[in-house]
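Colleague: Handing you this structure, nothing more for now.
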Amino acid sequence: MTVLSELALLHGYHPVIFSRRGHNGCPLNTLKLQRFGDPSDLREAIKYIRFRYPVARLFAVSESTGSGLLLSYLGECGSSSYVTAAACISPVFRCQEWFDVGLPWLYHWILLVYQKVCLSRYATVLGEVLNMNAVLGCRSLKELEEALFCNTKKNAMSWDSYWEWNDPLRDVDEVAVPVLCICSQDDPIRSNPETTVPFELFETNPHFFLLLSKHGGHCGFFQDSTGSIALRSHEALLEFFHSTSDFFLMEEKNKILARRKGMGGSGTLAKLARGHGVNICKRESFCSHNIHDIYNWQRSYTR
């Protein structure tokens, strides 16, 4: 995310990095951990940004399993998400199956150890609600997820019930903003795209776009001997955001023109402008991305 933030700054964005509680140095101030698909913390963070910058366009980017959090947020909030567009780099779509099948042993071991190291910092206080011996003794990511959220000291639920509430695609039909998903065929974490990428989602849902490359690994997508530190995925999503902004800008202008024609006040406006020496013959802005040929849908307002 550091490289993406640097590139976004060069393009005029003001990047903000959101980390789950207890992850990446973010302190754990309560006894509650964040479930896989619980977007409540992300919702509060976006509300705060919206409060501080009420007229700014907000764009969201996620990587790897973090895409589950972003997709959950977009689905739960619908058209009230405050987000203009979103992008997911190397997302994991079918998360329950991903936990059940498991990862190649090296990636699995690295991720499992990292999770345990983060949790061990709070072992004493978390012992009030969790069986920390069971948590730190888990041998798989699935066992760890169950120990953290399904088999706690205060409540218990089945594995299937847990995913009914935390599957990132549970409310996917409610997503009301364009979402670009960047995947590669050789991703060792997500595995074979034929079984792990929901192609039917991109074929039937007008808000979802899939960019599937032959190479790129997991969140890789390095440039081909150009010497640039920017990843191909980062450049693609920034171009996607730029095109989306152009599309919505043209949409708003068309709505304003249609409203003026409906009011029948264009003639009066022209006379008034000429009387004050104002030139109203401004050149219409031109969208250079052929975005209207790509986005043949209307914005939905489901919530």
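The values are calculated or read from the model by the stated rules, or taken from the named source; none is laboratory data. As the structure is a prediction and not an experimental result, all values here were calculated from the model. Every residue, glycine among them, receives a Cβ derived from its backbone with ideal geometry; neighbour counts consider all protein chains shown. Heavy atoms of the whole protein, side chains included, go into the accessibility calculation; ligands, DNA and RNA do not. Shrake-Rupley method; radii C 1.70, N 1.55, O 1.52, S 1.80 Å.
Colleague: I'd like to know if the range 86-96 contains one or more residues that are open to solvent by 20 Å² or more (accessible area, probe 1.4 Å) and within 27 Å of L237 (Cβ to Cβ).
Modeller: So in the range 86-96, the residues open to solvent by 20 Å² or more (accessible area, probe 1.4 Å) come out as 94, 96.
Retained after the next criterion (residues that are within 27 Å of L237 (Cβ to Cβ)): 94, 96.
Looking through the range 86-96, at least one residue is open to solvent by 20 Å² or more (accessible area, probe 1.4 Å) and within 27 Å of L237 (Cβ to Cβ).
Colleague: With the structure loaded, tell me whether A156 is open to solvent by 50 Å² or more (accessible area, probe 1.4 Å) and touching a helix residue (DSSP H, G or I) at 6+ places or on another chain (Cβ under 7 Å) or whether it fails that test. Talk me through it step by step, then tell me what you get.
Modeller: Numbers: open to solvent by 50 Å² or more (accessible area, probe 1.4 Å): yes; touching a helix residue (DSSP H, G or I) at 6+ places or on another chain (Cβ under 7 Å): yes.
So A156 fits the description; yes.
Colleague: Specify the residue that is modelled with the lowest pLDDT; the eligible residues are those in the range 237-257 that are among the hydrophobic types (A, V, I, L, M, F, W, C), out of contact with any Ser or Thr (no Cβ under 9 Å at 6 or more places or on another chain) and open to solvent by less than 70 Å² (accessible area, probe 1.4 Å).
Modeller: By that ranking, first place goes to F247.
Colleague: Out of the range 104-127, which residues are touching a helix residue (DSSP H, G or I) at 6+ places or on another chain (Cβ under 7 Å) and open to solvent by less than 40 Å² (accessible area, probe 1.4 Å)?
Modeller: Of all residues in the range 104-127, those touching a helix residue (DSSP H, G or I) at 6+ places or on another chain (Cβ under 7 Å) come to 108, 111-112, 115-116, 119-120, 123, 126.
If the condition is that a residue be touching a helix residue (DSSP H, G or I) at 6+ places or on another chain (Cβ under 7 Å) and open to solvent by less than 40 Å² (accessible area, probe 1.4 Å), then H108, L112, L119, A123, L126 are the ones that fit.
Colleague: Under 7 Å between Cβ atoms, which residue pairs at least 6 apart in sequence (or on different chains) link something in the range 120-140 that is closer than 23 Å to G25 by Cα with a partner that is in a loop (DSSP other than H, G, I, E, B) and among the aliphatic types (A, V, I, L, M)?
Modeller: Partner pairs satisfying both residue conditions: Y122/L28; V125/L31; L126/L31; E128/L31; V129/L31.
Colleague: Could you tell me whether any residue of the range 91-113 is in contact with a Phe, Trp or Tyr (Cβ under 6 Å, 6 or more places away or on another chain) and either in a helix (DSSP H, G or I) or not aromatic (F, W, Y) (or both)?
Modeller: Residues of the range 91-113 that are in contact with a Phe, Trp or Tyr (Cβ under 6 Å, 6 or more places away or on another chain), as a first pass: 92, 96.
In the following step, the residues that additionally are either in a helix (DSSP H, G or I) or not aromatic (F, W, Y) (or both) were identified as 92, 96.
Yes, the range 91-113 contains at least one residue that is in contact with a Phe, Trp or Tyr (Cβ under 6 Å, 6 or more places away or on another chain) and either in a helix (DSSP H, G or I) or not aromatic (F, W, Y) (or both).
Colleague: Could you list, in sequence order, all residues of the range 159-176 that are over 15 Å from Q34 (Cβ atoms), open to solvent by less than 60 Å² (accessible area, probe 1.4 Å) and assigned to a loop (DSSP other than H, G, I, E, B)? Show your work before the answer.
Modeller: We begin by selecting, within the range 159-176, every residue over 15 Å from Q34 (Cβ atoms); these are 159-161, 163-164, 167, 169-176.
Keeping just the survivors that are open to solvent by less than 60 Å² (accessible area, probe 1.4 Å) gives 159, 161, 163, 167, 169, 171-172, 174-176.
Passing the criteria: D167, L169, D171, V175, A176.
Colleague: Hey, could you check the range 35-63 for residues that are assigned to a helix (DSSP H, G or I), among the hydrophobic types (A, V, I, L, M, F, W, C) and surrounded by 13 or more Cβ atoms within 10 Å (Cβ to Cβ) and say which is nearest to the chain's Cα centre (by Cα)? Write out each step before concluding.
Modeller: As a first pass, look at the range 35-63 and keep what is assigned to a helix (DSSP H, G or I): 40-52.
Among the residues that remain, those that are also among the hydrophobic types (A, V, I, L, M, F, W, C) are: 42, 45-46, 49, 51.
Still in the running and surrounded by 13 or more Cβ atoms within 10 Å (Cβ to Cβ): 42, 45-46, 49.
Numbers: L42: 11, A45: 14, I46: 12, I49: 16 Å.
Checking each candidate, the answer is L42.
Colleague: Which residues, counting only those in the range 64-77, are open to solvent by 10 Å² or more (accessible area, probe 1.4 Å) and over 25 Å from G216 (Cα atoms)?
Modeller: E76, C77, listed by residue number.
Colleague: Would you be able to tell me the number of residues in the range 128-153 that are part of a loop (DSSP other than H, G, I, E, B) and exposed (fewer than 14 other Cβ atoms within 10 Å of the Cβ)?
Modeller: So in the range 128-153, the residues part of a loop (DSSP other than H, G, I, E, B) come out as 128-131, 137-140, 152-153.
Subset that is exposed (fewer than 14 other Cβ atoms within 10 Å of the Cβ): 128, 137, 139, 153.
Total meeting the criteria: 4.
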